[in-house]
Amino acid sequence: MIGRVLLAAILAGLAAGFIMGVIQHVRLTPLILEAEKYEHVAHGHGAANEAGIPQVGEHSHGDDVWSPAAGWERATYTLLTAMLVGAGFSLMLAGVSILSGLSITPANGLLWGLCAFLAVSLAPAIGLPPELPGMPVAGLIARQGWWIGTIICTALATWLVVVQSTKLALAGAAVLALLPHVLGAPKPPPEPSALPPALAAEFATASIGANLVSWLLIGFLLSLALSRFEGRPQS
């Protein structure tokens, strides 16, 4: 049983990640390349965050930092990374389903994806929008701590709304959902940036939209895969 769930989650995540990789290459990579032009002017080197997740690491400007070459090499690494991320997120969603005892079905797969998007992508992006190379950022530990805390609070709030639905649960959900934003995300240092604000805003919007599509795909494809695999007779 567990083996079939894991296989279904991996296959669904790889498929969703492949589509996400194509979206990233077509929609996000051109914005990253444009931002790197401004970063080259200021620092000489840039590190791209193509997944639209601002907490994965600090931007580095050393001369020995490797990055894939433009063209097929960058497209290939973007696609592979997106597929691995998709598989990981799909496994996470399947794990939540098992631990909570709530099934992911074709009838609610999109809802699972939407809830995951709210917790993992949208809520953290309110305080820490997806970052382009060259943008000033706060310290890594502070950003990671706030990002993880926001995901946990939002996920618990979503669970209370969907599963409990009592007045007390709804009040608790509201407190949990608002708590990270009341405390506030860590602020970047007041450093000047040559990056046009319009470009940063376009990237943040496109990244959030791409993440929405990605999570909906993961929820939908995972529900189909689980339905298919769990429907097979046991050997």
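So the values come out like this:
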| quantity | calculated |
| --- | --- |
| In Hz, Karplus ³J(HN,Hα) per residue of the stretch 143-157 (6.51, -1.76, 1.60; θ = phi - 60°; x = Gly, Pro) | 5, 5, x, 5, 4, 5, x, 5, 4, 5, 4, 5, 5, 5, 5 |
| Packing rank of 106-112, 190-196, 204-210, 90-96, where each peptide gets the mean count of other beta carbons within 10 Å, highest leading | 90-96, 204-210, 106-112, 190-196 |
| Integer Hz, Karplus 6.51/-1.76/1.60 couplings in order for the stretch 84-98, x for Gly and Pro | 5, 4, x, 5, x, 5, 5, 5, 4, 5, 5, x, 4, 4, 5 |
| Area of Ile98 that stays accessible when all protein chains are in place (1.4 Å probe, Å², to 10) | 90 Å² |
| Per residue accessible area of the stretch 74-141, 1.4 Å probe, in Å² | 44 Å² |
| Hz values of 3J(HN,Hα) by residue in the stretch 21-30 - Karplus curve (6.51, -1.76, 1.60), Gly and Pro given as x | x, 5, 4, 4, 5, 7, 9, 9, 4, x |
| Accessible-area value, Phe220, 1.4 Å probe, nucleic acids and ligands omitted, Å² | 80 Å² |
| Gyration tensor verdict on the stretch 123-235 (Cα atoms; rounded if a/c is under 1.5, prolate if a/b is larger than b/c, oblate otherwise) | oblate |
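The values are calculated or read from the model by the stated rules, or taken from the named source; none is laboratory data. Worth saying up front: this structure is predicted, and the values here are computed from it rather than measured. Please note: Cβ atoms are built from the backbone with ideal geometry, for glycine as well, and neighbour counts cover all protein chains shown. In case anyone asks, the SASA skips ligands and DNA or RNA and just uses the protein heavy atoms, side chains included. Shrake-Rupley method; radii C 1.70, N 1.55, O 1.52, S 1.80 Å.
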